[in-house]
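Novice: Below is the structure I would like to discuss, written out as structure tokens.
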Amino acid sequence: MSSTITSQLIETLKSSKTQSIQQSLKPGQMITGKVLKLYPSQRALVQLGNQQVTAQLEAALNLNGRYLFQVKSNDQVVQLQVMNEAGMQHSEKHTTQVLQQLGISFTKSRANLVQTLLNQNIPLQKGDLLKAMNLMEKFGDQKGFNQVMVDMLKRKMPIKASIFQALQARVEGQQSLSSTLHSVETDLENQPTTNRQQQLLQQIKTAMNRSTTNFPQQVLHTLNAHINSDRSESIHVLQKAGIMAEANSLQNLKSQMNHVTQNASTDKAIPQALLSQITNNNNSSSDMATRLLNLLQQQLPLQGGKQQQLQQWISTLTNIVKPEQAGNTHNNMDQKQVNTLHQKAQQLFFSNQNQALTQALKNTLSSDAYNVLQEFASSKNPKQLLQQQSASVSNMMSQFQQISGKQLTQQQMQVLVDWLNHAKQDQPQLFQGSKEQFYVQLKSSLQSSGMNLESQLLHNQDHVNQSLKSTVLQAMQDGSSSQLTEKLQTVLHHLNGMALNVQENDQLLQMNLQLPGDWFGLEQDLFMDMEGKKNDNDEIDPDYCHILFYLELGSLKETVIDMRVQKRIVQLTIFSDNEKASSFIKPLKPSLEHGLEQVGYQVSTVRHRSIHESQQESKVSNSTSSTYPQGGFDLKI
């Protein structure tokens with residue numbers, strides 16, 4: 001980022017969700033603490049980090065004294081040993097003492113790192129510190145070393161050179177991901193290349209929205225690859241979009257593709273001829289793109305097992321409404337089935353956790369069908385409603401069956417996003433101003449980057465998608481010049497940094513992304529921080545979210561957008577030092593409110609603030625803020 005102040009503001013805006021100290025403390029670690037109150041029976045209130053805890057004293061401590069503690073055990077009661085009974089009045093002295101205690105020789109740079117860790121109340125572990133000092137010998141002169149190393153130790157990441165370099169490239173790297181990719185692209189275009197390097201060149205052009213493969217060619221390339229490997233994802237996408245007949249099978253498609261390939265007059269004529277053959281001459285390139293975009297818009301927010309739950313609900317509804325299939329009549333409806341259907345309708349469609357699905361159904365179903373669904377879910381006598389409104393219920397069932405038939409699996413969704421990304425390059429007017437434009441670009445960017453490459457390999461997926469990261473790794477195996485190899489390594493550091501900046505536990509998912517600005521029509525890279533709560537189903541709760549965008553815009557220049565969502569109420573703050581920002585923002589507020597209302601959110605505030613003034617205010621507020629959740633637990637000192 002080009003501004004230190006902006007970087008500091010972003011760090012301030014990030015909410016720091018740290019586990020409780022009792023869970024994180026380990027024997028041998030050191031941490032600073034302050035005695036806040038002394039109680040009878042040798043008990044005291046001690047501040048460890050930013051959490052106040054009740055302690056049993058076995059050493060004489062002074063009120064308001066600040067001490068360095070070492071964890072002796074962390075069983076039922078945490079036991080801490082005082083490392084400096086005289087207290088920590090002199091920072092240089094206690095920093096030197098910590099280094100001596102850990103058996104590390106004193107240098108000014110080492111002392112600065114330890115002092116930063118103590119000031120931020122990060123527990124110190126001898127083994128990790130020794131590894132950090134070794135990396136300091138190698139990378140200590142690089143800008144931002146302490147910032148990256150403190151982040152690694154705070155997040156308990158492995159202290160390895162590869163991880164440091166990946167994070168450091170994103171924090172203080174001299175070259176952005178965009179500029180590095182441009183430089184690699186130029187090198188590959190101006191020198192003889194291997195097959196792998198040619199693949200990398202095409203991958204970079206695709207990633208930078210300059211693919212030499214147009215939309216119809218990409219559809220057929222994917223379709224051909226899937227048919228030859230007996231995969232059906234692309235076939236199902238085309239069928240669900242209404243482009244290909246449902247009767248088409250893998251074997252039929254193989255025959256059609258072989259026939260067209262053999263009889264085409266030129267190689268250039270093959271893509272359009274294949275499309276005409278497969279789709280029975282019914283779909284132009286523009287019509288195909290429109291149908292695929294419509295298919296995307298019909299996708300419901302069905303996370304986890306909700307897609308299966310929806311299918312089961314529709315199946316139960318069908319068995320009740322169609323007596324000829326279930327062997328019942330309306331007068332002889334199974335009360336148990338009706339009760340189950342009624343209960344599931346309340347949980348799946350109208351619970352607080354599923355408001356996004358509720359809004360999506362409201363936008364997808366006809367008003368009559370949605371009203372019947374609402375009445376059924378809230379009815380005190382659902383069986384009677386099914387009997388009295390049988391025609392309306394049948395219509396609702398028919399619409400649900402159609403909607404369910406359009407839903408895509410994760411693998412099918414990847415195919416759709418890839419095709420739409422190519423269609424967006426060929427036919428930008430189709431996406432102009434639509435919310436799907438950003439969604440397709442972001443989703444495609446994450447897919448093409450290879451951010452989840454290790455996860456795919458870890459789970460032994462049969463088909464690992466070709467990505468920028470996997471292609472870079474393959475190209476690095478070829479004998480490239482040292483200059484090109486260094487650039488490829490920088491790209492790899494950036495891509496590894498994306499994966500390393502994803503943190504997840506039982507309560508939260510935190511993600512930090514740096515994406516090439518070219519992907520979004522920006523001159524500089526896009527930085528995005530996202531933090532989301534998890535609900536009881538271990539899914540991201542759409543009711544609560546915190547997203548930060550860092551942008552370099554043409555008119556507003558450096559801009560930070562802070563979006564906070566609580567109970568589906570959105571607060572938006574735009575930080576910019578451009579005095580005209582407020583006049584730019586005001587006309588856009590009505591369309592923002594309308595767009596968010598369509599997906600079940602309500603705008604509370606939209607305001608503009610200066611970056612520099614906000615950073616000054618945050619310095620004051622940070623002096624009293626808490627990093628750790630408030631509470632207490634017993635420990636012995």
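Novice: Long-range amide H contacts for residue 608: which residues qualify at under 5 Å (H placed 1.01 Å from N, peptide plane, sequence gap of 5 or more or a different chain)?
Specialist: Here 574 satisfy the definition.
Novice: For the pairs 254/469; 424/534; 362/586; 26/126; 344/533, note any where the Cα-Cα span goes beyond 22 Å.
Specialist: Too far apart for the 22 Å limit: 254/469; 424/534; 362/586; 344/533.
Novice: Still on this structure: Compute the Cα gyration tensor for the range 491-568, then decide on rounded, prolate or oblate, letting a ≥ b ≥ c be the square roots of its eigenvalues: rounded whenever a/c is under 1.5, prolate when a/b is larger than b/c in the other cases, and oblate in all that remain.
Specialist: Taking the square roots of the gyration eigenvalues as a ≥ b ≥ c, the range 491-568 is oblate.
Novice: Take each of the peptides 568-581, 585-598, average the number of other beta-carbon atoms within 10 Å over its residues, and list them starting from the highest.
Specialist: 568-581, 585-598
Novice: Express in Å², to the nearest 10, the accessible area of residue 164 obtained by rolling a 1.4 Å probe over the protein heavy atoms while all chains stay in place.
Specialist: Estimated to the nearest 10 Å², residue 164 gives 0 Å².
Novice: Evaluate the range 147-235: find the radius of gyration of its Cα atoms, find its Kirkwood radius, and give the ratio Rg to Rh.
Specialist: 1.15
Novice: In addition: In bins 10 Å wide, starting from 0, what share of all Cα pairs of the range 501-618 does each bin hold, as a percent?
Specialist: Histogram of Cα-Cα distances, whole percents per bin: 13, 36, 40, 11, 1.
Novice: What translational diffusion coefficient, to the nearest whole µm²/s, does the range 338-428 have by Stokes-Einstein, given a Kirkwood radius computed over alpha-carbon pairs, a temperature of 25 °C and 0.890 mPa s viscosity?
Specialist: Approximately 163 µm²/s, per Stokes-Einstein.
Novice: Another question about this same structure. Would you kindly derive the ³J(HN,Hα) couplings of the range 485-496 from the backbone phi angles with the Karplus curve 6.51 cos²θ - 1.76 cosθ + 1.60 (θ = phi - 60°), listing them in order in whole Hz, with x for Gly and Pro?
Specialist: Calculated HN-Hα couplings, in order: 4, 5, 5, 5, 5, 5, 4, 5, 4, 4, 5, 5 Hz.
The values are calculated or read from the model by the stated rules, or taken from the named source; none is laboratory data. From a predicted model like this one, the values you see are computed outputs, not experimental measurements. Neighbour counts are summed over all protein chains in view; Cβ atoms, including those assigned to glycine, are modelled from backbone coordinates with ideal geometry. Accessible surface areas use protein heavy atoms only, side chains included; no ligands, DNA or RNA. Shrake-Rupley method; radii C 1.70, N 1.55, O 1.52, S 1.80 Å.
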